[in-house]
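Below you'll find the structure, written out as structure tokens, and then a few comments.
The values are calculated or read from the model by the stated rules, or taken from the named source; none is laboratory data. As the structure is a prediction and not an experimental result, all values here were calculated from the model. Glycine gets a Cβ as well: all are built from the backbone with ideal geometry, and neighbour counts include every protein chain shown. Accessible surface is based on the protein model in full, side chains and every heavy atom, while ligands, DNA and RNA are left aside. Shrake-Rupley method; radii C 1.70, N 1.55, O 1.52, S 1.80 Å.
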Amino acid sequence: MEKKIALELRGISKHFGMIRANRDISLSLYEGEILALLGENGSGKTTLMNMISGIYYPDAGDIFVHGERAVISSPREAFGYGIGMIHQHFKLVDTFTAAENIILGTAEKYDMRRVNARVGEIAARYGFEIDPKKRVHEMSVSEKQTVEIIKIIFRGADILILDEPTAVLTPQEIEKLFAILRNMKADGKSIIIITHKLNEVMEISDRVSILRKGAYIGTVNTAETDEKQLTEMMVGQKIDLEINRVQIEKKSPLLEIRDLSIRADDGSLAIDGVSFYIRGGELLGVAGITGCGQKELCEAIAGLRPIESGAIIHKGESIVGLPPREIIEKGVSMSFIPEDRLGMGLAPSFSITDNMMLKTYSEGSTPFVDRRSARSRAEALIKRLDIVTPSTETPVRRLSGGNVQKVLVGREIESGPNVIVTAYPVRGLDINSSYLIYDILNEQKKRGVGILFVGEDLDVMLALCDKIMVLCHGRVMGIVHASKVTKDELGLMMTGAVDLTREQKDKHFGIASDSALSPDEWADVGRRPGADRGEADSD
Amino acid sequence: MLGGINIVNILTDAIAMGTVFLFGCVGETLTEKAGNLNLGIPGIMCCGALGGGLGVWICSAGATDAAASPGWVFVTVSVLLAMVFAAAAGLIYAFLTVTLNTNQNIAGLALTTFGVGVLRFFSKKINNDIVFHGASRYFKNLFGYSGSGAFGRIFLSHGILVYLGIIIAVCASFFLRKTRTGLALRAVGENPATADAVGINVSAFKYAFVLIGSAVAGLGGLYYVMDKSNGTTFSEAAIDTFGWMAVALVIATMWKPVLSIFGSILFGGLYVLSAYLPLSFNQLKLFGMVPYLITVLVLIVIRLLNRRDNQPPASLGLSYFREDR
């Protein structure tokens, strides 16, 4: 049986001001297939999909749905053609229940019992797990995604577009999602999935279409290609997929954490009796399922969150209770890339120059801001990290996600820290940009900087980190040398199935033999959780 | 002291006074549910008063005894004109904030200044030359109650607009909680990008509910002139004050129209209570702060409780532009 085309694009172009986001793109999607759309950040994947789902309107080109020319100028019209998109940033109303979100904007009667029944029907058909009465703000990321997908199916969509659906999921959740996608494919639905992760492309897709810098490069059958070829098509040149682990001589501990406990916003213990240390020139990875205390740990080190008990010692001095500015001045830098990428650290409507000044505005000797030096620093950053932006004065929110991240990480490193705490620095970044970030971190490592790297991709962490600390529900499951551990072992520790601290009771986890403080001094800080600043300074 | 205070009088007065706030509050709640903080409510109520006054003037055809038309014509025409005038003022705000994406606070404050000024321009003429007094009786005492029973005086002795206000509040509450359009409206106020993505016309909703909300609020102005002030001398400054009370009441009632029925009676009670208490001038002024104090307390309490259903619409005050990121 010949395959029918579900969706066809012919010569689609879209400009944003001076930026040509898409130019002359033509591609097609068959019925009952999964097409992966691959491309670097800013290659125009999301823009293209937004035109299919009616968020943007193309400047030129035609869209055909099931052979008929389609004019899609709003999301409602897209639904009319059976097209639904699951956006990277979930489009859900937090205060509504799952069911309310699902019927929003449909002609469905506001009769919750009927809606719940229909949602249950869809869930059973494709293998979703969902509680229709649960409110969105009480849901995990994966549950929210489930609501999004059901929302689209509820509207009768047979062409589904998923924009980086796996970026925020755990490996287990990704498996579940892929199983659902395969069920939908078997049901005759056509799916476009945008992703950066090549292994996922290989696993889930039937064909792969590649975009580069807004232009269409080509489409290949997944079965007839490999990761190397896809990478080459994506970046236009051969690149080395190896991540280097720079080996350097061990220095004394820079940051020592002992028996640290931190409470989460809801009052529960997010970090529970954690001890570890980072030496100069050491890259310590933190692995764990999302929400196991990584965020709270980062915030506590940066002085943004009060601690419950324990000690944070930087170069032999307690930094507990210090205001964030003093902690920055001591050389501790924190960059946290949240799920929405813009939430922390950068002011979205500020330009790169202004964002550069956010951390240094107080250093000037006059009350006036020094724009000139900030601008030259911004220019240097743009050049060094290859940031795609019309100018140094473009608001950061106008840049693509990857470029925003480069600005954030670049600024943190530019201030010359001696300890870098970075969480998800490559979240959502393409390969080229990711490697640029790894290179930057390795470079800092050579300079003797201690790095705490909270990551998602275990393969990357195994290749990049010196040691990996695994957290599960705020407790340390073990601190292992990256070269002596496997991905499976890490996975078991992440879920709490293996707890090295319990298995090897004689070993003192996370305590350096050459600590900056003597045992007496440790006993002293230990006795005064949250020791106030005056005393800490006199130590 | 308490012996000298007549609870029935106070309650009756509280309901009568509170109705001014009730219209403003329900109107503003509907607007805020669309994510638009309309600080033009005082000006819009002034425009409503002006439109209503025009209606009375048209019906009485310049006659002073107001016998030119039957009572229901007076009421209908002035209610419609009050709503049209108020909605027209709301249209200015909607155009500025929805179409031109200007800052909602600035647009609202400008509208208040504008509306109050317009009414000030006409009010001298109205107060001097046009006599509403005769027509005022059509707006008062709907059931013709003349007894002295406590229940009757508190609940049955009011004018038609008082009952209309309560009906509108109950309908608004039902609309917001139980209808599909209400769900869509709340989605627009919470997260317009989401509403847009599921095919809800965000701009249309914002326009519609700025206009509807303004029209409802405008009735507060009409009610104040024709019922509360008996169609005699009134001042735009008073309506200005009441408008702000109405905006405060939206917060105090946590964006729930049914609660605003009781909230308006409470605010109205606090407002009229000073007349029953033997207070000095300074004490009187201090007493006038109580409604605002309650609003601040409610804000503190809902913040501390941190219940998601009591919070303001999440995108309140933000403009929405689809292609913005």
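Between a first residue in the stretch A:4-21 that is more than 27 Å from A:GLU68 (Cβ to Cβ) and a second residue that is modelled with pLDDT under 90 and part of a loop (DSSP other than H, G, I, E, B), which pairs have beta carbons less than 6 Å apart while being 6 or more apart in sequence or on different chains? Matching pairs, first to second residue: A:MET18/A:PRO390; A:ARG20/A:GLY214. Filtering the stretch A:98-132 to residues that are open to solvent by 20 Å² or more (accessible area, probe 1.4 Å), within 14 Å of another protein chain (Cβ to nearest Cβ) and within 29 Å of the chain's Cα centre (by Cα) leaves only A:GLU100. Note on the stretch A:67-89: residues that are away from every other protein chain (no Cβ under 13 Å), open to solvent by 20 Å² or more (accessible area, probe 1.4 Å) and in contact with a Phe, Trp or Tyr (Cβ under 8 Å, 6 or more places away or on another chain) total 0.
Take A:ILE437 and decide whether it is assigned to a helix (DSSP H, G or I), surrounded by fewer than 20 Cβ atoms within 10 Å (Cβ to Cβ) and of a type outside the set (Phe, Trp, Tyr). Considered against the rule, which asks whether it is assigned to a helix (DSSP H, G or I), surrounded by fewer than 20 Cβ atoms within 10 Å (Cβ to Cβ) and of a type outside the set (Phe, Trp, Tyr), A:ILE437 comes out as no.
Look at (1) more than 19 Å from the chain's Cα centre (by Cα); (2) without any contact (Cβ under 8 Å) to a residue 40 or more places away in the chain; (3) not in a helix (DSSP H, G or I) and you find that A:ILE192 fails only one, number (2). Once the stretch B:196-208 is narrowed to residues that are of a type in the set (A, V, I, L, M, F, W, C) and at the interface with chain A (Cβ under 7 Å from one of its Cβ atoms), the residue that is nearest to A:VAL115 (Cα to Cα) is B:VAL198. Would you point out the residue of the stretch A:490-511, among those that are open to solvent by 70 Å² or more (accessible area, probe 1.4 Å) and more than 18 Å from A:THR290 (Cα to Cα), that is modelled with the highest pLDDT? Ranking the candidates gives A:ARG502 first.
So is A:ILE451 over 20 Å from A:ILE174 (Cα atoms), without any contact (Cβ under 8 Å) to a residue 60 or more places away in the chain and open to solvent by less than 10 Å² (accessible area, probe 1.4 Å) or not? Full working, then the answer.
Numbers: over 20 Å from A:ILE174 (Cα atoms): yes; without any contact (Cβ under 8 Å) to a residue 60 or more places away in the chain: no; open to solvent by less than 10 Å² (accessible area, probe 1.4 Å): yes.
No; evaluated as a whole, the condition is false for this residue.
In the stretch A:8-26 there is no residue that is assigned to a helix (DSSP H, G or I), within 14 Å of another protein chain (Cβ to nearest Cβ), crowded, with 16+ Cβ neighbours inside 10 Å and not small (Gly, Ala, Ser).
Kindly indicate whether any position in the stretch B:252-259 is more than 14 Å from chain A (Cβ to nearest Cβ), buried (at least 16 other Cβ atoms within 10 Å of the Cβ) and polar (S, T, N, Q). Checking the stretch B:252-259: at least one residue is more than 14 Å from chain A (Cβ to nearest Cβ), buried (at least 16 other Cβ atoms within 10 Å of the Cβ) and polar (S, T, N, Q).
When B:MET254 is tested against (1) assigned to a helix (DSSP H, G or I); (2) modelled with pLDDT of 85 or more, exactly one condition is not met: (1). Within the stretch A:73-93, the set of residues being part of a loop (DSSP other than H, G, I, E, B) and either modelled with pLDDT under 90 or of a type in the set (S, T, N, Q) (or both) comprises A:SER73, A:SER74, A:HIS87, A:GLN88, A:HIS89, A:PHE90, A:LYS91. State which residue is surrounded by the most Cβ atoms within 10 Å (Cβ to Cβ) when the search covers only the stretch A:356-380 and only residues that are of a type in the set (Val, Ile, Thr) and closer than 19 Å to A:LEU346 by Cβ. Applying the filter and picking the extreme gives A:THR360. Being within 25 Å of B:VAL210 (Cα to Cα) and either of a type in the set (Ser, Thr, Tyr) or assigned to a helix (DSSP H, G or I) (or both) is the filter here, so list the residues in the stretch B:299-325 that pass it. Listed by number, the residues that qualify are B:LEU299, B:ARG308, B:ASP309, B:ASN310, B:SER315, B:SER319, B:TYR320. Pull up the stretch A:43-66, narrow it to residues that are at negative phi and in a loop (DSSP other than H, G, I, E, B), then point me to the one that is farthest from the other protein chains (Cβ to nearest Cβ). Here the answer is A:SER43.
From the list A:LYS250, A:LYS185, the one residue that fits, being among the basic types (Lys, Arg), open to solvent by 20 Å² or more (accessible area, probe 1.4 Å) and within 30 Å of A:GLN294 (Cα to Cα), is A:LYS250. None of B:GLY159, B:GLY115, B:GLY182 is buried (at least 18 other Cβ atoms within 10 Å of the Cβ), in contact with a helix residue (DSSP H, G or I) (Cβ under 6 Å, 6 or more places away or on another chain) and within 14 Å of chain A (Cβ to nearest Cβ) except B:GLY182. Looking only at the stretch B:185-195, residues that are within 7 Å of another protein chain (Cβ to nearest Cβ) and either touching a residue at least 60 places away in the same chain (Cβ under 8 Å) or among the β-branched types (Val, Ile, Thr) (or both) come to 4 in all.
Scanning the stretch B:185-205 for residues that are open to solvent by 10 Å² or more (accessible area, probe 1.4 Å) and under 30 Å from B:VAL77 (Cβ atoms) yields B:ALA204, B:PHE205. Each residue in the stretch B:271-298 was checked for being in a helix (DSSP H, G or I), open to solvent by less than 50 Å² (accessible area, probe 1.4 Å) and not hydrophobic (A, V, I, L, M, F, W, C), and 3 pass.
Count of the stretch A:133-152 residues, restricted to those that are open to solvent by 10 Å² or more (accessible area, probe 1.4 Å) and either touching a residue at least 60 places away in the same chain (Cβ under 8 Å) or not in a helix (DSSP H, G or I) (or both), is 6.
Within the bounds of the stretch A:457-479, is there any residue that is within 16 Å of the chain's Cα centre (by Cα), open to solvent by less than 10 Å² (accessible area, probe 1.4 Å) and of a type in the set (Gly, Ala, Ser)? No; the residues of the stretch A:457-479 include none that is within 16 Å of the chain's Cα centre (by Cα), open to solvent by less than 10 Å² (accessible area, probe 1.4 Å) and of a type in the set (Gly, Ala, Ser). When you check A:ARG384 against the structure, is it part of a helix (DSSP H, G or I), touching a Ser or Thr at 6+ places or on another chain (Cβ under 7 Å) and either open to solvent by less than 10 Å² (accessible area, probe 1.4 Å) or more than 30 Å from A:SER309 (Cα to Cα) (or both), yes or no? So A:ARG384 fails the test.
Checking each residue in the stretch A:27-44 for being closer than 27 Å to A:ALA179 by Cα, modelled with pLDDT under 90 and open to solvent by less than 10 Å² (accessible area, probe 1.4 Å) picks out A:LEU38, A:GLY39.
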